[in-house]
Amino acid sequence: MYKINPAKYTGVTVLPSEIAEKHLILASASQLKVIIYAFSKSGDFFDAETVSKGTGISLEEVNDALSYWKDTGFVLYENEEIKFTETSSETQEKAAPEKKEEPKKRETIPLNNPSRLKYDEICTRIGESEEIRILLNEAQLKLGRTIGTGDQSSLILLHDYYGLPVEVILCICEYAGTKGKSTNMNYIYKIGVDWSQREIDTIDAADEELKSIQNVNAVWAEFSAAVSLKSSAPTTSQEKYISQWVNEWNFTIPMLVLAYEEMVTHTEKLSFSYMHKILSDWHKKGINTPEKAEEEKTKFIHEKEQKALERASGRKKQTEIKPDPNASYDIKRAEERARTSVPKVKKREKR
């Protein structure tokens with residue numbers, strides 16, 4: 001269960017200003033839908049299923065979004081203590097005397113949370129950098145549309161703060177166009193940040209990554225059809241799982257289907273983490289075909305039955321009667337004598 005943190009209401013009209021200032025670029029569309037829905041339920045408790053029904057987003061995407069907003073402090077668990085923090089304006093007022101009006105260096109801005117560039121900052125970068133001018137002009141051609149201040153800021157941040165070369169950013173823009181997401185700068189920005197963190201910063205590395213992404217999408221289409229999943233596209237976490245299963249461990253679609261079938265026999269809901277445990281175990285054991293998986297399953301069942309028989313046999317032996325060495329008689333010896341000896345009958349004497 002979650003609830004809205006009342007401390008985040010300071011200085012807002014409809015939503016906290018911090019969402020607009022920091023998270024419109026960083027948060028995905030699903031994450032923004034979730035937080036808007038959450039604030040509409042302000043004061044009331046809510047869970048992931050309620051949010052999923054209210055937003056039309058899958059349960060897994062809702063859980064990912066709630067984790068994001070939990071990490072940023074906008075939602076709390078039901079019984080979590082409320083901690084009030086200073087507003088950004090209060091922090092700036094306190095920090096102002098220390099800055100002494102010195103301009104903030106770009107490298108001091110955290111890479112994981114850069115501030116959106118203002119219009120005059122964008123103009124300055126365009127005027128001082130030929131690369132930035134090329135980036136913004138070529139991006140419009142790749143996306144087939146003009147880009148506004150917000151989109152320009154995102155592209156410049158990918159170059160200046162995340163260190164991606166112009167050609168790599170343009171490669172992402174072109175890929176977004178092939179996916180029908182040329183108008184979704186948030187999608188482009190998220191890919192760019194992810195690539196920067198994984199050091200995909202050359203054209204060759206970008207080409208390899210795009211091939212991997214296309215392979216994952218093709219696998220998802222075939223896999224989801226085979227097991228009748230309704231979602232048309234995998235979530236970010238599902239993409240990472242599939243990429244490892246297929247691109248690193250070289251599992252085929254039939255093996256993914258087998259892992260799915262094994263998963264549904266043990267869990268009520270779709271769990272890629274459970275499938276990952278199954279496939280990880282198969283990968284370690286070198287099980288890469290349905291035939292080997294079936295052999296492993298048969299072996300496991302046989303070993304389980306053998307252990308059960310051994311336990312039952314052990315319990316039976318414990319219940320058998322053993323002769324007492326201190327007893328004055330030997331029951332087994334007596335039984336043996338009774339079987340082998342012929343009793344002698346003494347004749348009665350005649351009177």
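FYI, it's all coordinate maths here, none of it is from the lab. All of these numbers come straight from a predicted model, not from anything done at the bench. So basically every Cβ, Gly included, is an ideal-geometry build from the backbone, and we count neighbours across all protein chains shown.
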ask   = How do 54-60, 222-228, 151-157 rank on mean C-beta neighbours within 10 Å, highest first?
value = 151-157, 54-60, 222-228
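Can you put 187, 175 in order of Cβ neighbours within 10 angstrom, beginning with the fewest?
Numbers: 187 17, 175 20.
Ordered by Cβ neighbours within 10 Å, fewest first: 187, 175.
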remark   = Net charge near residue 176 (other residues with Cβ under 12 Å of its Cβ; Lys, Arg +1; Asp, Glu -1) is +3
remark   = Everything considered on the Cα gyration tensor (a ≥ b ≥ c; rounded for a/c under 1.5, else prolate if a/b is larger than b/c, else oblate), the range 119-201 must be described as oblate
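Find, among the GluC sites (Glu not before Pro) in the range 162-216, those assigned to loop by DSSP (not H, G, I, E, B) with at most 12 other beta-carbon atoms within 10 angstrom. Each step should come with its number before you reach the end.
Working: sites: 167, 174, 199, 208, 209; in loops: 199.
Of the GluC sites (Glu not before Pro), the ones in loops of the range 162-216 whose Cβ has at most 12 other Cβ atoms within 10 Å are 199.
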